[in-house]
Amino acid sequence: MERVQLEVVTLAEGVSQSNSYTVLLQEKHGAKRFVIVIGYTEAQAIAISLDGNVKPNRPLTHDLFHQVCQSYNIELLEVAITHLKEGVYFANLVCKKGDLIIDMDSRSSDALALALRFDCPIFINKDLLDKVSIEENKDSNQTIQEFEKELEEELQDLKTPSIDQIEREKKDFSKKTITELNSMLNKALKNEDYELAAKLRDEISRRK
């Protein structure tokens, strides 16, 4: 399957979901661009790598992963965004230790944060890029928020639960049934809202 190399262009606060951020990626030798919506923690990890001058007092999770790999002579050869399912991008890490090559499943946000730390190439399947990309042609001053809006319109048939919807639902857990709480838990995990997921698990465990 043909692949295209990408580069991270910028990171910005999202407009479609509360407490979200968007990463703008572009093909390295072309004009096609698209955005990936990520959470605050992942955005912080990517922002630190993009800045280059910010050094956290203690290593973040991605920094720790990088240090462990270096200590054991493990290389991250590349990361690849492989497919899109229900509005969520899936990625793959290709690692090498000696003669051993290992592929690992990864969230796209983690894959990008690690690619920046290892300074390794980022790829995407060409068919997927053609589907989700926004060609730079009419307005070179188009903002990342406008890119995100256009992408959402292209993916409007995907029924991904929004964080805003979950925020409305989580105001009063006591009125929810176990079935409803489990449904909310699944939605929270899909949106990578692990703080809410933890609260829902606590509420479900309390009722058992």
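Within the range 176-208, can you find the residues that are of a type in the set (Val, Ile, Thr) and in contact with a Lys or Arg (Cβ under 7 Å, 6 or more places away or on another chain)? Walk me through it before giving the result.
Narrowing the range 176-208 to residues of a type in the set (Val, Ile, Thr): 177-179, 204.
Hit for the range 176-208 is ILE178, nothing else.
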statement: Here the qualifying pairs (Cβ atoms under 7 Å; residues six or more apart or on different chains; first in the range 71-83 and in contact (Cβ under 8 Å) with a residue 60 or more places away in the chain and closer than 28 Å to LYS126 by Cα; second of a type in the set (Ser, Thr, Tyr) and assigned to a strand (DSSP E or B)) come out as ILE81/TYR89
- prompt: When you scan the range 1-112 for strands (runs of 3 or more DSSP E) that lie fully inside it, which ones turn up with 1 or more residues that are in contact with a Ser or Thr (Cβ under 6 Å, 6 or more places away or on another chain) and crowded, with 20+ Cβ neighbours inside 10 Å?
  reply: 32-39, 75-85, 88-97
- request: Examine the range 96-108 for a residue that is touching a residue at least 60 places away in the same chain (Cβ under 8 Å) and assigned by TED's automatic domain parsing to the domain that holds ALA43, and state whether such a residue exists.
  value: yes
task: Name the helices (runs of 4 or more DSSP H) wholly inside the range 146-208 in which the number of residues that are in contact with a helix residue (DSSP H, G or I) (Cβ under 7 Å, 6 or more places away or on another chain) and modelled with pLDDT of 55 or more is 1 or more.
output: 178-190, 194-207
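The values are calculated or read from the model by the stated rules, or taken from the named source; none is laboratory data. As the structure is a prediction and not an experimental result, all values here were calculated from the model. Don't worry about glycine lacking a Cβ; one is built from the backbone with ideal geometry, like all the others, and counts go over all protein chains shown.
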